[in-house]
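The values are calculated or read from the model by the stated rules, or taken from the named source; none is laboratory data. The structure presented is a predicted model; accordingly, all values stated were derived computationally and were not measured. Virtual Cβ from ideal backbone geometry, glycine too; neighbours counted across all protein chains shown. For the accessible areas, the whole protein counts, side chains as well, though only heavy atoms, and no ligand, DNA or RNA atoms are used. Shrake-Rupley method; radii C 1.70, N 1.55, O 1.52, S 1.80 Å.
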Amino acid sequence: MTNPEFPGNASRTAFTAAAARAAHLLVDAEPYIFADSFAVTLLGARAEDLLVYHRLHGTHPVLAGARAEALCRSRFTEERLSHSGIDQYLILGAGLDSFAYRTVPGRFRVFEVDHPATQVVKRELLAAAGIAEPASVTFVPVDFEADPLRERLVQSGLDLFRPVFVSWLGVTMYLTREAIAATLTDLGRFAPGSEIVADHLLPAELRDAAGNGYAEAVGPVAAAGGEPWHTVLSPAAFADLLRAAGFEVLEQAGQRQSIAARLWERTDALRPVALSTLTHARRIDS
């Protein structure tokens, strides 16, 4: 999932998701849903180009929807991680995620998994910004459609005998159903007690009007940029894939349910949209 218009053939969506997180602190009102203080920095020279759309047209449903989607899933995931008691954190499709650079050093062993081209660009951006790569971070280059995930993680030092918390956000729609199932099967071989938070796009009949409007506007652009959507799943279908891989589903939530109700008492353009579902699951002892 790379695009020649972005630095080093990096993923377009890695940049647009980071721009959505960065723009939240610039164009939206409090209460903030998620504060990513590193997002602007990690956009590098593309920051102004990407943020100007949010600055000038921040109330547009597509841009506001992009922010709500990125913010809700990030907050939901990091809240579950913080309460899990797990210190190995695996970020699948890490993109320009900044967790490892704004958390307490040494509290988590972080494994960032992504396409090699995107990782190269991210590391260049970190270096250019003077942000040191913590010793607790390991970059794991993987092509989800082709590479053996578990093997790559073992080679990178992940301890399979202790629980792992997995974040898999903004990725599944770009994969085939077969690749999603294969990845979950690999994750299902982690230690019992491991947890995962993943999101997936809903089929059209399960979206609301705003969700369908977003999909109709963004889907073709993603495809034209070389990152077409391949898979949409109902919550029940994704839960079935998880159970087949050895997980029990703990909770499933749309945008409205994923964060505290008080955070939707807003004066800006952010509104919950029925577009995707977040699923939190735990590896059971088989």
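For Kirkwood radius over Cα pairs in Å, which listed value, (1) 20.6; (2) 24.6; (3) 19.0, comes from the coordinates shown?
Calculated Kirkwood radius over Cα pairs in Å: the matching label is (3).
Just want to confirm a number: the relative contact order over the chain, from Cα pairs under 8 angstrom separated by 6+ residues, in percent. Could you put the intermediate results ahead of the total?
Numbers: 511 pairs, mean separation 61.6, N = 286.
Once divided by the residue count of the chain, the mean separation gives 22 percent.
So, with a 1.4 angstrom probe, what is the percent of accessible area on the chain that is carbon and sulfur? List each step's numbers first, then the result.
On the way: 6400 of 11980 Å².
About 53 percent, which is the carbon plus sulfur part of the accessible surface.
Return the calculated 222 nm mean residue ellipticity for the chain, to the nearest 500 deg cm²/dmol, obtained by summing -39500 (n - 2.57) across DSSP H runs with n ≥ 4 and dividing by the residue count. Display every interim value, and only then the final one.
Values: 11 runs with 120 residues, N = 286.
Taking each H run of at least 4 residues, the total per residue is -12500 deg cm²/dmol.
For the residue pair SER37 and VAL62, what label-to-label distance in nm results when each label sits 7 Å from Cα along the Cα-to-beta-carbon direction?
Simple spin-label model gives 3.3 nm for this pair.
Could you give the size of the charge dipole of the chain about its Cα centre, using +1 on the Cβ of each K and R and -1 on the Cβ of each D and E, expressed in debye and rounded to the nearest 20?
Working: 26 positive and 34 negative charges, 85 e Å.
Here the size comes out at about 400 debye.
Mind ordering 136-149, 77-90, 166-179 by average Cβ neighbours within 10 Å, highest first?
Working: 136-149: 16.6, 77-90: 18.3, 166-179: 21.0.
Averaged packing, sorted descending, gives the order 166-179, 77-90, 136-149.
Label-point separation (nm) for ASP208 and GLN155, each offset 7 Å from Cα along Cα-to-Cβ?
4.6 nm
Give the separation of the Cα centroids, region 50-68 to region 229-253, in Å.
Here the answer is 30 Å between Cα centres.
What is the sum of charges, Lys and Arg at +1 and Asp and Glu at -1, for the other residues whose Cβ falls under 14 Å from the Cβ of GLU145?
Numbers: positive: ARG152, ARG177; negative: ASP114, ASP143, ASP147, GLU178, ASP186, GLU227.
Once positives and negatives cancel, what remains is -4.
Where does the charge balance sit around HIS230 when Lys and Arg score +1, Asp and Glu -1, over other residues with C-beta under 13 Å from its C-beta?
Values: positive: ARG177; negative: GLU145, GLU178, GLU227.
So the environment of HIS230 carries a net charge of -2.
Would you calculate the separation in nanometres between label points at VAL104 and VAL221, each defined as 7 Å from the Cα along the Cα-to-beta-carbon direction?
About 3.9 nm, to one decimal.
How much area per residue is accessible in region 78-180 when the probe is 1.4 Å and only protein heavy atoms are counted (Å²)?
Numbers: 4270 Å² over 103 residues.
Heavy-atom accessible area per residue stands at 41 Å².
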